[in-house]
Each structure stands twice: as C-alpha cells, then as structure tokens.
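The next block holds one structure in the form of structure tokens; read it before the comments.
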Amino acid sequence: MLTQENKNKIDALRKQFPDTKSLTIPALHIAQEQYGWVSEEAMKDIALLLNLPESHIIGVATFYTMFNKKPVGKYHIQVCTNVSCQLLGSEKISRYICNKLNIKVGETTSDKKFTISEVECLGSCGTAPMMQVNDDYHENLTPEKIDKILQELK
Ligand code: FES
C-alpha cells in the first residue's frame, strides 16, 4: 500500500499537470521508489487515487520497461542492448555480468543483491556499451570496469 506521504506527494503534483492521466507516470515512479517495483496493489492504489481505470495504470506500467513488475535486487543492473551498445559488445557485457553473478538475464542473485535486465536504449549511445545500476550510468564498459563496479557494490 502506498504510504500516506507518497499519496500526498502524488496529490501535490496535481497542480503541475493538465489532468490526472498525465500523472500516471510520476505516480508509478513514486510507487517504484517506495517498493523498488510496481506491485498490483500499488497500481490499484494509484488507480483509486487518480480516479482512473486500473486497466489504464496497468497498461502504462507494462508498456514502459523502466517500471519493474516484480521485485528486484538491491542493485538493479540494466544493460542496454539496443543498436549502438549491441554493435559495441553489449551481449558480451551482459553475458560477462551473468557469469560473474551466476544468474541469467531477468534473475536476481540468491542474496537479493543483484538483478540483471536487458533494456532498450538508455540515451547514452555515444558512450556505448553502457548500463544503468539503480540511478547511475556506467559507460564505455569493459570487463575490467565491470569487475570494479561489482566489487564496489558487494
Ligand atoms: S543504444 Fe545503448 S544507450 Fe543507446
């Protein structure tokens, strides 16, 4: 259930948006900040709060890959596999991380520390291959850089 504080945050945004539908994405971000993912319960809460059909909230949440539809680890590694990153080895990068963490894409380590996902362009094509870990971008990736990043997060 969304906390009262987060419901208030969503309410406070109302005056910045032309209608409640346009509040859907900010509300989903707030829910994801609270839980680390967007649960069915959170989507129901948002639908009630914004007085919108639940199907609309689910439609938006499932369309955008940045909304996690299931729990993720403490560190959510999102490897971009779109064209620029793919041309510069994102598949190898993804495989390398999976091997290091002993998980497959879409899985979470047993200690709930890391989840790895492959995602579409993150808008940093000039520094491909790249990945996002929680809110941080890591660019021009190499196996050595990945080793360092993972070591710092462990
Ligand atoms: S293709 Fe990877 S950031 Fe754009």
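The values are calculated or read from the model by the stated rules, or taken from the named source; none is laboratory data. Values in this document were obtained by computation on a predicted structure and should not be read as measured data. Note that each Cβ is placed from the backbone with ideal geometry, even for glycine, and that neighbours are counted across all protein chains shown. Calculation scope for accessible area: heavy atoms of the full protein, side chains included, ligands and nucleic acids excluded. Shrake-Rupley method; radii C 1.70, N 1.55, O 1.52, S 1.80 Å.
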**Message:** With θ taken as phi - 60° and the coefficients 6.51, -1.76 and 1.60, list the Karplus ³J(HN,Hα) couplings across region 44-56 in order, rounded to whole Hz; mark glycine and proline as x.
**Reply:** 4, 4, 5, 4, 5, 4, 8, 6, 10, x, 4, 4, 5
**Prompt:** Per 5 Å bin, what is the whole-percent P(r) computed from every C-alpha pair distance within the chain?
**Reply:** 2, 9, 18, 18, 16, 13, 11, 9, 5, 1
**Message:** With 13 Å as the cut-off, how large is the P(r) tail for region 86-154, expressed as percent of Cα-Cα pairs?
**Reply:** 64
**Prompt:** With all protein chains present, how much of the accessible area of region 31-154 (probe radius 1.4 Å) comes from carbon and sulfur, to the nearest whole percent?
**Reply:** 51
**Request:** Please give the calculated 222 nm ellipticity per residue for the chain, where each DSSP H segment of at least 4 residues contributes -39500 (n - 2.57) and the sum is spread over every residue; nearest 500 deg cm²/dmol?
**Result:** -13500 deg cm²/dmol
**Item:** Coarse-grained scattering of region 3-51 at q = 0.21, 0.31 Å⁻¹, given as base-10 log I(q)/I(0) from a Debye sum over alpha-carbon atoms
**Value:** -0.64, -1.35
**Item:** Set of lysines with alpha-carbon distance to LYS154 below 26 Å, sequence-local pairs under 8 removed
**Value:** LYS69, LYS70, LYS74, LYS92, LYS100, LYS104, LYS112, LYS113, LYS145
**Prompt:** DSSP beta bridges in the chain, what fraction antiparallel, as a percent rounded to 5?
**Reply:** 55
**Asked** Highest mean first, what order results for 143-152, 64-73 on Cβ atoms within 10 Å?
**Response** 64-73, 143-152
